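Here the structure comes first, spelled out in structure tokens, and everything after it is commentary.
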Amino acid sequence: MTRKTKGLTQLGANTALPRSPDEAQLECVANPHPDTSYAARFTCPEFTCLCPVTGQPDFAHLVIDYCPRAWLLESKSLKLYLASFRNHGVFHEDCTLAIGKRIVAAIEPHWLRIGGYWYPRGGIPIDVFWQHGTLPDGLWLPDQNVPPYRGRG
């Protein structure tokens, strides 16, 4: 369930970890600068979920950039949402796109991109990238600066 109100239920409260991504709530706060194009970035360098076939843990470094309209994504709700994947079986591609699409549905940004930099599964790293909307003209956007996987050396 997505809330688009200023009445936040998670921020400042002792909030239990959602049992699944479907049960997690992404909450929003009003953008104090809706007339200005700017980028906001969330980085989750220790994202985990489970392989849906083997049940083994998968790890990723997620970078989420967006240009907000009327709503900002509240960070604690994002943290709880991402943590809800820890016991959830999902393929890398599905996981990365599901996160990006859920955020878009919650805040309706001008533009959003998500980079899922996954550590190897079966010896092969699978990086997944998705973008929604068009980057506004003149918006400064730094590179995500996550190097491709190289192993040890």
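Any idea which of (1) closer than 30 Å to L139 by Cα; (2) of a type outside the set (A, V, I, L, M); (3) touching a residue at least 60 places away in the same chain (Cβ under 8 Å) is the one R19 doesn't satisfy?
Every listed condition holds for R19 apart from (1).
Quick check on P21: is it more than 12 Å from the chain's Cα centre (by Cα) and not in a strand (DSSP E or B)? I'd like the intermediate steps shown before the answer.
Values: more than 12 Å from the chain's Cα centre (by Cα): no; not in a strand (DSSP E or B): yes.
No: the conditions fail for P21.
Collect the residues in the stretch 102-153 that are among the aromatic types (F, W, Y) and either surrounded by 10 or more Cβ atoms within 10 Å (Cβ to Cβ) or free of Cβ contacts under 8 Å to residues at least 40 places away in the same chain (or both), keeping them in residue-number order. Outline the logic, then answer.
Taking the stretch 102-153 first, the residues among the aromatic types (F, W, Y) are 111, 117-119, 129-130, 140, 149.
Selection gives W111, Y117, W118, Y119, F129, W130, Y149.
Considering (1) surrounded by 17 or more Cβ atoms within 10 Å (Cβ to Cβ); (2) farther than 21 Å from A40 by Cβ, say which one N87 fails and leave the rest.
Here N87 meets the rest and fails (1).
Which residue pairs have Cβ atoms closer than 8 Å, lie 6 or more positions apart in sequence or on different chains, and pair a first residue in the stretch 54-75 that is closer than 17 Å to Q131 by Cβ and without any contact (Cβ under 8 Å) to a residue 40 or more places away in the chain with a second residue that is buried (at least 21 other Cβ atoms within 10 Å of the Cβ) and among the hydroxyl-bearing types (S, T, Y)?
Listed by first residue and then by second, the contacts come to nothing, as the list is empty.
Quickly run through the stretch 24-39 and pick out the residues that are part of a loop (DSSP other than H, G, I, E, B) and closer than 21 Å to L97 by Cβ.
Step one: list which residues in the stretch 24-39 are part of a loop (DSSP other than H, G, I, E, B), which gives 24-25, 31-39.
Those that are part of a loop (DSSP other than H, G, I, E, B) and closer than 21 Å to L97 by Cβ: A24, Q25, A39.
Is it the case that some residue within the stretch 118-132 is of a type in the set (A, V, I, L, M, F, W, C), assigned to a loop (DSSP other than H, G, I, E, B) and over 15 Å from the mean Cα position of the chain (by Cα)?
The initial filter retains those residues of the stretch 118-132 that are of a type in the set (A, V, I, L, M, F, W, C), namely 118, 124, 126, 128-130.
Keeping just the survivors that are assigned to a loop (DSSP other than H, G, I, E, B) gives 126.
From what's left, over 15 Å from the mean Cα position of the chain (by Cα): 126.
Yes - at least one qualifying residue is present in the stretch 118-132.
I need a count of the residues in the stretch 128-144 that are closer than 26 Å to C51 by Cα and at pLDDT below 95.
Number of matching residues: 1.
The values are calculated or read from the model by the stated rules, or taken from the named source; none is laboratory data. All values reported here derive from a predicted model rather than from experimental measurement. When we count neighbours, we look across all protein chains shown, and the Cβ atoms used for this are built from the backbone with ideal geometry, even at glycine.
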